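To start, the structure under review is shown below, and the notes come after it.
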Amino acid sequence: MIPAAFEYLVPTTLDEALSALSTHTDAKILAGGHSLIPAMKLRLASPKYLIDISRISDLNYVRESGGQILIGAGTTHYQIESSTLLKEKCPLLTETAPYIGDVQVRNRGTLGGSLAHADPAADWPAAILAVGAEINVRSSRGERTLKAEDFFVDMMTTALQPNEILTEIRIPIPPQRTGSAYEKVKQPASGFALVGVAVQITLDTNRTCQRVQVGITGLAPKPFRAIGVENMLKGKVINDQLLAQAAEKAADGVDPLSDIHASAEYRSHLARVHTKRALQRAVSRI
Amino acid sequence: MKQVIQVTINGKPRQDEVEPRLLLVHYLRDVVGLTGTHIGCETSICGACTVLLNGAAVKSCTILAVQANKGEIVTIEGLATNGKLHPVQEGFWERHGLQCGFCTPGMIMAGVQILQRNPNPTEEQIREGLEGNLCRCTGYQHIVEAIQYAAQKMRT
Amino acid sequence: MATKLIGERIKRKEDPRLITGTASYVDDIKLPNVHHVAFLRSIYGHAKINKIDVSEARKLPGVVAVLTHDDIKGVLKPMPCVGGVPDMHTPEHYPLSGGKVRFVGEAIAAVVANDRYVARDALDLINVDYEPLPVVVDMEKALEKGAPLLYEEYGENRGFTWKISGGDIDKAFQEADRVVKLRLVNQRVAPIPLETRAVLAQYQDRGVEGELTVWTSTQIPHGIRTSIAGMLNLPEHRVRVIAPEVGGGFGCKVDFYGEEVLIPYLAMKLKVPVKWVEGRRENIQATDHGRDQINYIEAAVKNDGTVVGLRVKVLADMGAYYQLLSPVIPTLTGLMMCGPYKISNVSMEVLGVFTNKMATDAYRGAGRPEATYLLERTMDAIAAELNLDPVEVRMKNFIQPNEFPYKTATGLVYDSGNYQAALQKALDHVGYTKLREEQKKLREQGQYVGIGISSYVEICAFGPSAATATGGWESATVRIEPTGKVTVLTGSSPHGQGQETTFAQIVADGLGLTMEDITVQHGDTAVVQYGIGTFGSRATAVGGTAVYLALQKVKEKATKFAAHMLKVDSKGLVFRDGKIFPENNPEKSVTLTEVALAAYLAKDLPPDTEPGLVATAFYEPKNFTFPFGTHIAVVDIDPETGQIKFRRYVAVDDCGNIINMLTVHGQVHGGIAQGLGQALYEEVVYDENGQLLTGSFMDYCIPKAHHLPKFELDYTVTPTNVNPLGVKGVGEAGTIGSTPAVVNAVIDALAHLGVRNIDMPLKPEKIWKTIKEHAPKKGPIIVA
């Protein structure tokens, strides 16, 4: 319940934050704190320095620019959930947000914080993979942009370097005739995903699949794109049977997690069932 | 190193020097002396510690007091105005929305947030909105009715 | 005519302080210079402790003491167990263990510091040299030869064997047409009151006559006082125990824990107030667990569904030590093994087993949910085996309404009942016949719908003292103050039940007053006469009766005063609307306030009458009470994933007369939620190394609002003649009735696949696997 002692730094600009991060070893970035503070209370994390970036106002926004939606890393889950811009232009995110934690958690937790924490059962990674997002990170030496699928490296591990801060998520605005859906089976105690499947699919007027992206969380040590599913659908005329067949590939080639809440076998099964259901719902929305 | 924070709690401004690691809930309970906000777990699940921070329901056990600096906090003690219960408080009393009372302050604050955002929620929306608040006594049914009571009252 | 309050929906008197955040639970009480305790607890399920090095922790600024077993050895006595059974091995355990630890979470060192953050920091500075030992967490394995032993000196992990029987069990099995067998696991669950345990102690040392005050979150403040006095060799009258606001108990606070003696001990030793507030992880590790039985059931049945005999072997997991009542809990399963049925020949053997886990003890229902679970699952298994409707099997075996009082084969005397009426009412409410037709249709379409019935009778209102480990009576004082306002003191210290309201209703009705005229006090041993506590659905039936009896006494005296003042005969005087008057002459009245004032001013006393208007009653019940009812759950199962959805949940309970409809509803709702939690979500899981895998709310799931259906409640009313109020008790009914209803519903949904049992908690994965195992082999079988 009680974190170990630390020094607390509150930069008001990103540059100050980056400079603090490069100066102090054993420092952690604090955004909403809803992944980090619980870990600190259990003393699973005991950083010497906390750099609170929540006072940096230019990390908190949702806006449209050049065919993309840009979301500041410090934007809270609730801000995303209630964004009319996202609801119109990228509804997969507004559909996913209410599945995260609970009302109180969504009021504080941030998109950037969740992605940087990379919990294998978090919801955002599935959606971020499905919308084909890019992730912008900065250090005092410069910035770089990563594809979502390159960002997640392993369990609780991302491509972020110790001196980098995740600053922005960039999402291409989906074309016409795109449907999306998020399906989640909750671990009943924690509310995290036993399996979460996010789908974004674009069909042409002949119902041929132009583009499809399937992001899956909860199943494997890291969230991933279900390439096997996507490949079965791309360029094909979509029908229910094909969706079901494609969904069978959802757990192919992954090393599924297993714990007291669900075995690897059941998680894989859920991934297949809910991939099918997510695909069906996404297609029905076109 | 201790830091100075300035907050407004239930309408009253105050300033305190706190250790950065001091959790907001401990600040409220042990420093400010507002013990209506409770602690029921260590993992941000139970919601007994729910308060409003800048108008949003938050779990005060998962926020450092320093993060609340410059913020406006409303706790259960500040919900009634001029001795008149908030409709959600009233609903909990009218509809027997509590038994041991330990989850109740957090539950009421969550109820307040639900109705702020949706003045006419369905039963299902109320139940979903209470995902972050555990009660072991009531089976939630009377809590749902309490929030429905308040919704009705606030609409009329 | 004054409003009759008994039986109404009365808003609770407790609530204003609870909904405004002004109530005080233990941790809300702030004393100057209070010091905080943090416990270091074993990280091993079974280990020898070679050495504990606390020297670094002692050096941390702010730390005033660090204690280990060596510091309390010879000073504190071992913790008591009053719920013993004959011929049991009774291991000693202490507030701080030394030498050997036997479960994860066992306290081995206590840090006292001037700040709770510092106390926590100091734990990280303690070094323990553990020597891990082989662990046994599985009861069946623990009984095998060669299993690791928790106590070498016993040569076995069996703690005790307890037997009960009635009739001629061997003959019953000879005469049976067939034998239905089941092995059921009633898994270990955690009570999880939202307020964890907490203890605050202050010792005022006045040289010769010091006084110890202890605030603790308990259901039994007087029992705690006696225990602390005994453990610390203090005169009991100089120990004051206060159970302030208590944030739920559910049985786990009907105990006397090591912390409840160690914190007072530290306060006396260090001469500062000392506080300890349990964390939630500590709570799941080191506060009583419940249930944890394996039942091997054999039912001797006739082809028409009549149960002629029931033989059950029970393995009851005691964990590593006994807490206050541990061994006696499974004996309640034995006593109640006949349930609402006329089973004349029974036998049960209970083996208490030690394992490397936290102790089990009372948890809402305490032994009776286990009895109901094994019986109601057995009834459904019999129905399935004989291809009978589960309703038919129950109706065939029920005790008849005209057979009460009914003596069971286990020797209990059921006070009153009408089990058929409750079942029928539930069936009518849910629309049983139509539902069965719908179920048949939906099955043909490949949909899995299940209807689960659970008829129960429970034993409560503990109880006659001869049969209750803690003493079974209860006390009350009704004190009419000089202004006519009334203070009631009850020994039934509540923790959410609402006695301040229900007892006020009883007294207000009796004296013709309003709810506002009555205040009920409880929980402070300096204020309230000795009492027993709130557990076993006893508060209203035993505590309420004590109030009622004290009320009669004080009324009798008030009547004397009124008759004297009115110069009328005391016979025929009634109390109504704050006045006392002859029933046939309401004009000739005196107010209760006038009577009270006269009683205290004592200028003109009636003959042979003392001043004052106070009466105390100690009520010893002559029997237990036996509430009953039927719960019906209707569920849909997603054949593809095993996920369960509730369609309906109907409960018809009979708790005798009802004092407050609002709080009775609340008790039933909460009970169902907990029983449903056990059926579907809850389980304390230790791995084979004794590590607790469900140690926080991230992994231990108590039901959330959206996990639960809307409960549809109804009642039948069959008063008891055990007490003058005719009340039976309702605190545990929901927990007892619900679990088998839910499990029976799920099994029923899969019955056409040939599924006969799935052990709790019924997680979707288990259901999915069961469907997978059964469906391909047998195909969809349509049950006629």
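Once the range A:186-219 is narrowed to residues that are over 16 Å from A:ALA247 (Cα atoms) and either among the hydrophobic types (A, V, I, L, M, F, W, C) or touching a Ser or Thr at 6+ places or on another chain (Cβ under 6 Å) (or both), the residue that is nearest to the other protein chains (Cβ to nearest Cβ) is A:ALA189.
Okay, residues lined up against (1) away from every other protein chain (no Cβ under 13 Å); (2) modelled with pLDDT under 95; (3) closer than 28 Å to C:SER493 by Cβ:
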residue	(1), (2), (3)
C:MET1	yes, yes, no
C:ARG17	no, no, yes
C:SER24	no, no, yes
C:ALA47	yes, no, no
C:ILE52	yes, no, no
C:LEU67	yes, no, no
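Checking each residue in the range B:26-54 for being away from chain C (no Cβ under 11 Å), crowded, with 24+ Cβ neighbours inside 10 Å and in a helix (DSSP H, G or I) picks out only B:TYR27. Which condition does C:ASP524 not pass, out of (1) touching a strand residue (DSSP E or B) at 6+ places or on another chain (Cβ under 6 Å); (2) crowded, with 24+ Cβ neighbours inside 10 Å, if it passes all the others? With respect to (1) touching a strand residue (DSSP E or B) at 6+ places or on another chain (Cβ under 6 Å); (2) crowded, with 24+ Cβ neighbours inside 10 Å, C:ASP524 is out only on (2).
For the range B:88-111, the candidate set comprises residues that are more than 20 Å from C:PRO193 (Cα to Cα) and more than 11 Å from chain A (Cβ to nearest Cβ); within that set, the residue that is surrounded by the fewest Cβ atoms within 10 Å (Cβ to Cβ) is B:GLU90. Any idea which residue in the range C:220-241 is nearest to the other protein chains (Cβ to nearest Cβ), counting only those that are farther than 25 Å from B:CYS135 by Cβ and not in a helix (DSSP H, G or I)? Within the range C:220-241, the match that is nearest to the other protein chains (Cβ to nearest Cβ) is C:VAL241. In the range A:231-272, of all residues being among the β-branched types (Val, Ile, Thr) and more than 30 Å from C:CYS701 (Cα to Cα), the one that is surrounded by the most Cβ atoms within 10 Å (Cβ to Cβ) corresponds to A:ILE238. Residues in the range A:82-122 that are away from every other protein chain (no Cβ under 14 Å) and either among the aliphatic types (A, V, I, L, M) or under 23 Å from A:ARG138 (Cα atoms) (or both): A:LEU85, A:LEU86, A:LEU92, A:LEU93, A:LEU111, A:GLY112, A:LEU115, A:ALA116, A:ALA118. Yes or no: C:ILE242 closer than 30 Å to C:GLN667 by Cα and either modelled with pLDDT of 95 or more or surrounded by 24 or more Cβ atoms within 10 Å (Cβ to Cβ) (or both)? So C:ILE242 fits the description; yes.
For the range C:677-691, check the following and say yes or no: at least one residue is within 14 Å of chain A (Cβ to nearest Cβ), under 26 Å from B:THR122 (Cα atoms) and in a loop (DSSP other than H, G, I, E, B). Scanning the range C:677-691, I find at least one residue that is within 14 Å of chain A (Cβ to nearest Cβ), under 26 Å from B:THR122 (Cα atoms) and in a loop (DSSP other than H, G, I, E, B), so the answer is yes.
Checking the structure you have, find out if any residue of the range C:739-749 is of a type in the set (Gly, Ala, Ser), outside any helix (DSSP H, G or I) and buried (at least 17 other Cβ atoms within 10 Å of the Cβ). No: zero hits. Considering each residue of the range B:73-82 in turn, at least one proves to be facing another protein chain (nearest Cβ under 7 Å), touching a residue at least 60 places away in the same chain (Cβ under 8 Å) and assigned to a loop (DSSP other than H, G, I, E, B).
So in the range C:125-148, with the set limited to residues that are on the phi < 0 side of the Ramachandran plot and free of Cβ contacts under 8 Å to residues at least 12 places away in the same chain, which one is nearest to the other protein chains (Cβ to nearest Cβ)? The selected residue is C:LYS141.
Do you know which of the residues in the range B:132-155 that are more than 13 Å from C:GLY671 (Cβ to Cβ) and among the β-branched types (Val, Ile, Thr) is farthest from the other protein chains (Cβ to nearest Cβ)? Looking at residues that are more than 13 Å from C:GLY671 (Cβ to Cβ) and among the β-branched types (Val, Ile, Thr), I get B:ILE147.
Tell me whether the range C:393-402 contains one or more residues that are in contact (Cβ under 8 Å) with a residue 24 or more places away in the chain, touching a Phe, Trp or Tyr at 6+ places or on another chain (Cβ under 7 Å) and part of a strand (DSSP E or B). Yes, the range C:393-402 contains at least one residue that is in contact (Cβ under 8 Å) with a residue 24 or more places away in the chain, touching a Phe, Trp or Tyr at 6+ places or on another chain (Cβ under 7 Å) and part of a strand (DSSP E or B).
Considering (1) over 22 Å from A:GLU230 (Cβ atoms); (2) within 14 Å of another protein chain (Cβ to nearest Cβ); (3) under 13 Å from the mean Cα position of the chain (by Cα), say which one A:GLN79 fails and leave the rest. Of the numbered conditions (1) over 22 Å from A:GLU230 (Cβ atoms); (2) within 14 Å of another protein chain (Cβ to nearest Cβ); (3) under 13 Å from the mean Cα position of the chain (by Cα), the odd one out for A:GLN79 is (3). The helices (runs of 4 or more DSSP H) located wholly in the range C:116-210 include none with 3 or more residues which are at pLDDT 95 or above and among the basic types (Lys, Arg). Within the range C:701-718, restricting attention to residues that are over 22 Å from the mean Cα position of the chain (by Cα) and part of a loop (DSSP other than H, G, I, E, B), the residue that is nearest to the other protein chains (Cβ to nearest Cβ) is C:LYS710.
Does the range C:749-761 include one or more residues that are small (Gly, Ala, Ser), away from chain A (no Cβ under 14 Å) and in contact with a strand residue (DSSP E or B) (Cβ under 7 Å, 6 or more places away or on another chain)? Yes, some residue in the range C:749-761 is small (Gly, Ala, Ser), away from chain A (no Cβ under 14 Å) and in contact with a strand residue (DSSP E or B) (Cβ under 7 Å, 6 or more places away or on another chain). Here C:ALA38 fits the description: in contact (Cβ under 8 Å) with a residue 60 or more places away in the chain, within 13 Å of another protein chain (Cβ to nearest Cβ), under 19 Å from C:LEU123 (Cα atoms) and surrounded by 15 or more Cβ atoms within 10 Å (Cβ to Cβ).
Each residue in the range A:18-47 was checked for being over 22 Å from the mean Cα position of the chain (by Cα), within 23 Å of B:LEU23 (Cβ to Cβ) and touching a residue at least 40 places away in the same chain (Cβ under 8 Å), and 4 of them qualify. Being hydrophobic (A, V, I, L, M, F, W, C) and more than 9 Å from chain C (Cβ to nearest Cβ) is true of B:ALA57.
Matching residues to (1) of a type in the set (S, T, N, Q); (2) touching a strand residue (DSSP E or B) at 6+ places or on another chain (Cβ under 6 Å); (3) without any contact (Cβ under 8 Å) to a residue 12 or more places away in the chain; (4) not assigned by TED's automatic domain parsing to the domain that holds A:ALA27:
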| residue | (1), (2), (3), (4) |
| --- | --- |
| A:ASP123 | no, yes, no, yes |
| A:LEU129 | no, yes, no, yes |
| A:GLY132 | no, yes, no, yes |
| A:GLY142 | no, no, yes, yes |
| A:THR145 | yes, yes, no, yes |
| A:VAL153 | no, no, no, yes |
| A:ASN163 | yes, yes, no, yes |
| A:GLU168 | no, yes, no, yes |
| A:VAL185 | no, yes, no, yes |
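Yes/no per residue for (1) of a type in the set (D, E, K, R); (2) surrounded by fewer than 20 Cβ atoms within 10 Å (Cβ to Cβ):
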position	(1), (2)
C:GLU682	yes, no
C:ASN689	no, yes
C:SER696	no, no
C:HIS706	no, yes
C:PHE711	no, no
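Considering (1) part of a loop (DSSP other than H, G, I, E, B); (2) of a type outside the set (A, V, I, L, M); (3) more than 11 Å from chain A (Cβ to nearest Cβ), the lone condition that C:PHE697 does not fulfil carries the number (3).
With respect to B:THR122, determine if the residue is of a type in the set (S, T, N, Q) and under 17 Å from C:PRO193 (Cα atoms). It is false that B:THR122 is of a type in the set (S, T, N, Q) and under 17 Å from C:PRO193 (Cα atoms).
The values are calculated or read from the model by the stated rules, or taken from the named source; none is laboratory data. As the structure is a computational prediction, the values presented were derived from the model and not from experiment. When we count neighbours, we look across all protein chains shown, and the Cβ atoms used for this are built from the backbone with ideal geometry, even at glycine.
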